[in-house]
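Structure first, then comments.
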Amino acid sequence: MPLPHTVIIGAGPAGLTAAYELTRRNAPAEVVEADDVVGGISRTVERDGWRFDIGGHRFFTKVARVEEFWHEVLPDGDFLLRPRMSRIHYRGKLFDYPLRAGNALGNLGVVEAVRCVGSYVWARLRPPEDQSHFEGWVSARFGTRLYRMFFKTYTEKVWGFPATELQADWAAQRIRNLSLAGAVRNALLPRRARADITSLIEEFQYPKLGPGMMWERCAELVTKAGGTVTMGTSVARVHRADGRAVAVTVTGPDGERRIEADHVISSMPLPELVRAVDPPAPPPVLAAADALRHRDFLTVALVVPADAGFPDNWIYVHTPGVRVGRIQNFGSWSPFLVRDGFTCLGLEYFVDEGDDLWESADDDLIARGTAELEALGLVRPGAVSAGYVVRMPKAYPVYDSGYEQAVEIMRDWLAEALPNVHPVGRNGMHRYNNQDHSMLTAMLTVENILDDAGHDVWEVNVEEEYHEQADASSSSASADGRHGTGRAAPVLPRRP
């Protein structure tokens, strides 16, 4: 019996992992990607010899088969072992992350530290009545004072709306089992006792030319094994008949073409997948698709002398008054991303496609980034010698009120109407998957297709002890939070 032919929508980590797993078992796989670069948000962008990691991707995982995959795709010599360092910029001070009691006390001062503890005690005695949203959930665990200092500003930068509109389940997933008391305990633990806490890892792996190196090589291996990866090709329609998907019509440089399919694996945004189905989904399902939103992302990369950089992989900017949310030092990720004598700082802005920042000219964004970097005191005036802008649409699914119900409606309808269509990955499932969890959804889906394994892919990254339970500094998108592994989203005081 011939193996099924699978069309894979999207050449990010989930899509290419699926293609690799299929082709290694000699199953035909055809990947279509709307962009001209593989890797999705895990790509590496190159401009004038500088390389930019879009969001920052730490390669650390507790999923053994993902670890094996990484080292099967890239030889060990292509990985660097990098020290992990992140800090939080708040009103002119840099707070160590993970939390270190002496540093935090010195930056806050004894009086403010006592006030924060008092606020925490009050929250334990009189917790907020409404903990269904992010603000109430976090305030109950850290106190209102620390919440306002170290959660509110950054979180609202990331999502672009009040923290009272962000659902608590997102916070519970990212910072489960953490409170102020827990954060203090982690700060006082000896290093060996903290080794198993994901967010407190002190070293991580990193491809020397950036995460895109992984996915560029993976695409090559898929092609070598007989699969196809077609770039610049978007999905126009997913055709259904007799209770399943039968073909996908795509649009590329040569016009439209129809690809017959036994299965479809989709990492395209879940609402776009639903809207592409032909004949169309029922009105309630289309309404659910219209209810979901995404947050977009842009990076302003500024070239500065090497001594103007900082040792951190990134600094989270909790300071009000600037729009930058986080700043990477690409030279701290890998010396192969930058040039001798210089480094490149990546200022990350969380935006909505079409808003004032998204529509700003590159020169204006470079000027803004330079001014904000200087205002924060992170570089001296005149240090910036060049700049570049990278825009990334639909970087993060938004977890606002009602999103769970909308996802459930679409998920149930797809399972009933198109059981051979398999959503995978972060955007494909509209959930906060890190890179490794996105890859795992693809691996399990391939087993479902080829082995009828019966895995519930929607259970990946739900109850695992992997989340930011020890992150005590902020709540980023990453944008895996960790982008996965990725964006390590701090929590006190997070890719995508």
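Results, tabulated for the structure shown:
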item: Conditions (1) of a type outside the set (A, V, I, L, M); (2) surrounded by fewer than 17 Cβ atoms within 10 Å (Cβ to Cβ); (3) over 26 Å from residue 333 (Cα atoms); (4) within 31 Å of the chain's Cα centre (by Cα); number of the one not met by residue 109; result: (4)
item: Region 104-136: number of residues that are part of a helix (DSSP H, G or I) and among the basic types (Lys, Arg); result: 2
item: Index of the failed condition, residue 3 passing every other in (1) farther than 16 Å from residue 225 by Cβ; (2) out of contact with any Ser or Thr (no Cβ under 6 Å at 6 or more places or on another chain); (3) assigned to a loop (DSSP other than H, G, I, E, B); result: (1)
item: Residue in region 444-463 that is open to solvent by 40 Å² or more (accessible area, probe 1.4 Å), at pLDDT below 95 and of a type in the set (A, V, I, L, M) present; result: yes
item: Residues satisfying the stated conditions in region 309-333, i.e. surrounded by fewer than 19 Cβ atoms within 10 Å (Cβ to Cβ) and of a type in the set (Gly, Ala, Ser); result: 321
item: Failed criterion for residue 37 (all others in (1) part of a loop (DSSP other than H, G, I, E, B); (2) more than 30 Å from residue 444 (Cα to Cα) hold); result: (2)
item: Residue in region 82-91 that is at positive phi, in a loop (DSSP other than H, G, I, E, B) and either among the basic types (Lys, Arg) or surrounded by 15 or more Cβ atoms within 10 Å (Cβ to Cβ) (or both) present; result: yes
item: Helices (runs of 4 or more DSSP H) wholly inside region 292-388 that include at least 2 residues being more than 25 Å from residue 152 (Cβ to Cβ); result: 330-333, 362-375
item: Members of region 377-392 found to be out of contact with any helix residue (DSSP H, G or I) (no Cβ under 6 Å at 6 or more places or on another chain) and surrounded by fewer than 19 Cβ atoms within 10 Å (Cβ to Cβ), listed by number; result: 377, 380, 382, 385, 386, 390, 391
item: The one condition in (1) of a type outside the set (Val, Ile, Thr); (2) at pLDDT 95 or above; (3) outside any helix (DSSP H, G or I); (4) touching a helix residue (DSSP H, G or I) at 6+ places or on another chain (Cβ under 7 Å) that residue 419 fails to fulfil; result: (4)
item: Filter pass, residue 387 being modelled with pLDDT of 95 or more, under 20 Å from residue 48 (Cβ atoms) and within 23 Å of the chain's Cα centre (by Cα); result: no
item: Criterion violated by residue 395 - all others in (1) open to solvent by 20 Å² or more (accessible area, probe 1.4 Å); (2) of a type in the set (Gly, Ala, Ser); (3) under 21 Å from the mean Cα position of the chain (by Cα) satisfied; result: (1)
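The values are calculated or read from the model by the stated rules, or taken from the named source; none is laboratory data. Because the structure is a prediction, the values reported are computed rather than measured. Please note: Cβ atoms are built from the backbone with ideal geometry, for glycine as well, and neighbour counts cover all protein chains shown. Side chains are part of the model used for accessible areas, which takes the heavy atoms of the whole protein and leaves out ligands, DNA and RNA. Shrake-Rupley method; radii C 1.70, N 1.55, O 1.52, S 1.80 Å.
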